[in-house]
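The values are calculated or read from the model by the stated rules, or taken from the named source; none is laboratory data. In this text, all values refer to a predicted model and were calculated from it rather than measured experimentally. Remember, those area values only see protein heavy atoms, side chains included, never the ligands or the DNA or RNA. Shrake-Rupley method; radii C 1.70, N 1.55, O 1.52, S 1.80 Å.
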Amino acid sequence: MFENIPLAELAIGRSTVRQRILALLMVEHERRLHLREIQRRVGTSPGTASRELARLVAAGLIEREAEGIQVYFRAATNPAAAMMRQLLLLQTDAPVLPRPSSIVRIRKS
């Protein structure tokens, strides 16, 4: 999805799992999701999801919220995250996420 965008490559690398996680959280930017929900929806293991989430948190693209022993993630509200969300919305040539019924692919108008 982001292969030809150098700035995106600097921010998120070439990891398809990281791209899927970022896309999921950007598409559902108003929701916070638990690690297990994220890993299930992007089709990876909890360990891989946890590692990639940590990298996205370190990059400032997503936020981590602890509530008791539960940890939730959501899209960050900073300018860099807003820019990545706009890049995501502009991309329509390749689906990033698996297509469960709860996710609708975004298309340019």
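Specify the residue that is farthest from residue 82 (Cα to Cα); the eligible residues are those in region 45-61 that are in a loop (DSSP other than H, G, I, E, B) and open to solvent by 30 Å² or more (accessible area, probe 1.4 Å).
45
Within region 68-98, can you find the residues that are modelled with pLDDT under 90 and among the charged types (D, E, K, R)?
85, 93
Here's the yes/no breakdown for (1) of a type in the set (Ser, Thr, Tyr); (2) at pLDDT below 90; (3) open to solvent by less than 30 Å² (accessible area, probe 1.4 Å):
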| site | (1), (2), (3) |
| --- | --- |
| 4 | no, yes, no |
| 13 | no, yes, yes |
| 18 | no, yes, no |
| 27 | no, yes, no |
| 32 | no, no, no |
